[in-house]
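S.K.: Dropping the structure in here first, questions after.
The values are calculated or read from the model by the stated rules, or taken from the named source; none is laboratory data. Just so it is clear, the structure is predicted and the values come from calculations on it, not from any experiment. Quick reminder, even Gly has a Cβ in these numbers, built from the backbone with ideal geometry, and neighbours come from all protein chains shown.
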Amino acid sequence: MELFQRGIITTQDTDGLDLSWGNEDSVVKMLYKMAMRDGFGDVLAEGSVRAAALIGKGAEKFVITIKGMEKMSSDPRAGEGVALW
């Protein structure tokens, strides 16, 4: 959505889906496309680092990773005993 907002990708790239912030319908459709590896969903299904490399146009500077790995939404160190799982 950040890339869409900044004009790095457009509806031509996203198979016609408007990936503006808050567009829940497009997010659900894109998730389906990722699961089916269909169109632009196939690019995103590669993960953020590989997808940014495939997209190009400076997309790499918007990827949020730690040592090349996806950032988790939660920190496993926060809960007692969770880090040991």
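S.K.: May I ask you to verify whether G22 is without any contact (Cβ under 8 Å) to a residue 24 or more places away in the chain and either at positive phi or surrounded by 14 or more Cβ atoms within 10 Å (Cβ to Cβ) (or both)? Steps first, please.
M.R.: Numbers: without any contact (Cβ under 8 Å) to a residue 24 or more places away in the chain: yes; either at positive phi or surrounded by 14 or more Cβ atoms within 10 Å (Cβ to Cβ) (or both): yes.
Yes.
S.K.: Return the total of residues in region 38-51 being among the aliphatic types (A, V, I, L, M) and closer than 12 Å to T65 by Cα.
M.R.: 1
S.K.: Give the residues of region 59-74 that are farther than 23 Å from G16 by Cβ and at pLDDT 90 or above, sorted by residue number.
M.R.: Result: E60, K61.
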